Every structure is written in C-alpha cells, then in structure tokens.
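A short write-up of the structure that comes next.
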Amino acid sequence: MRLLFGNYELTIDDKNRLLVPAEIRRAIDPVEDGNAFFIVTGTNKRLWMYPDKYYENMVLGLQSDIVPEEELLEFDQMHFGLASRAELDRQGRVLIPERTLRKAGLSKDITLVGVRDHIEVWSRNEWNARVEELCQRRSEIALRAKQRHLGSHVNRAQRDTYSESPRTAE
C-alpha cells in the first residue's frame with residue numbers, strides 16, 4: 001500500500017454512506033490491500049479505516065495468547081469487538097453503521113484524514129480545531145518526533161552492535 005495522506009472535507013449521506021476519495025482508492029491496491037475497510041476506534045477516539053487485507057495482515061502478525069493478560073484482553077475486546085467491516089460499493093462509498101457513527105459522535109459533515117497507513121474520520125469542526133493546535137505546536141511536535149526517531153535508531157544500533165560484538169571468554 002502506498003502512503004495515505006491529505007485531508008478531504010466530505011458529507012455522510014442520509015443512508016450513512018461515505019465517499020472514499022478517488023485519490024485514496026488509487027493508493028490502495030485491491031489485490032494486495034483489499035477492497036473493503038475495517039473501521040475501528042483509534043487511540044484518539046476517532047474512527048480509523050484500514051484496508052481490510054492490510055489490517056488482517058497487520059493484526060495476524062501480532063502474537064496472541066490463549067490466556068491473555070487483562071490489559072491485552074481489554075484492548076482486544078475494545079478494538080476487535082467494536083470493529084466493523086465496510087465494503088466499497090460501485091461508486092466508491094462505504095456504509096458506516098449508525099451505532100458506530102453515534103459512538104464516535106459524528107455528524108454528517110466530516111473530514112477524512114490520511115495518516116500514513118490508515119484514514120481517520122473526524123468531525124469537520126474538531127479537525128479544524130486540531131489543525132490550529134498542531135500549527136501552534138509545530139516546532140515542539142517536530143522536535144519530539146525527531147528525538148523519538150533518533151532514539152529508535154540509537155537503540156537499534158546499540159542492539160546491533162551488542163549482538164555483533166565478539167564475546168570474550170570469562
């Protein structure tokens with residue numbers, strides 16, 4: 001799958017159908033990534049839409065446990081128990097279940113936001129406020145992201161160095 005990016009002001013129709021913009025549909029390979037979406041509630045309490053095959057591959061790559069710890073069980077119940085799968089129709093629309101819209105507090109005016117490997121569904125007003133907040137904190141956010149990114153490279157390099165270094169006899 002190619003990178004999902006940009007934001008699109010859209011309207012959910014009276015039948016709760018949402019048009020997935022052609023630019024996003026073109027970024028998703030139906031054979032490799034799927035031609036439907038899993039809709040889950042993300043950590044930011046927004047609806048996240050993942051191409052179905054991409055999502056299944058990502059999830060099946062995670063370890064599961066026959067007796068999971070309570071936190072993992074709660075996450076799985078929240079994430080998978082509240083998920084829904086939405087097929088694209090011939091016009092490129094997905095049907096979002098009424099209860100999903102209600103729980104997310106969404107009205108008809110929304111903004112779809114491409115976030116690397118998924119699409120987030122925001123209330124248009126909330127997205128506009130979020131953009132303002134992000135712009136005000138731009139430098140701080142960039143610095144923290146850079147530090148985190150550099151830290152992951154340093155940690156990886158340290159692991160690689162440690163695992164490749166010759167061991168001395170004690």
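Below, the figures for the structure above:
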quantity: Test result for ARG116, in contact (Cβ under 8 Å) with a residue 24 or more places away in the chain, basic (Lys, Arg) and closer than 30 Å to VAL31 by Cβ; calculated: yes
quantity: Segment 74-128, residues that are in a helix (DSSP H, G or I), more than 19 Å from LYS15 (Cβ to Cβ) and open to solvent by 60 Å² or more (accessible area, probe 1.4 Å); calculated: GLU74, PHE75, GLN77, MET78, PHE80, ASN125, GLU126, ASN128
quantity: Failed criterion for LEU60 (all others in (1) among the hydrophobic types (A, V, I, L, M, F, W, C); (2) free of Cβ contacts under 8 Å to residues at least 40 places away in the same chain; (3) touching a strand residue (DSSP E or B) at 6+ places or on another chain (Cβ under 8 Å) hold); calculated: (3)
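The values are calculated or read from the model by the stated rules, or taken from the named source; none is laboratory data. Please read these numbers as outputs of a predicted model, since none were measured by experiment. As a convention, Cβ positions derive from the backbone with ideal geometry for all residues, glycine included, and neighbour counts pool all protein chains shown. Just so you know, the surface numbers come from the protein's heavy atoms only, side chains and all, with ligands and any DNA or RNA stripped out. Shrake-Rupley method; radii C 1.70, N 1.55, O 1.52, S 1.80 Å.
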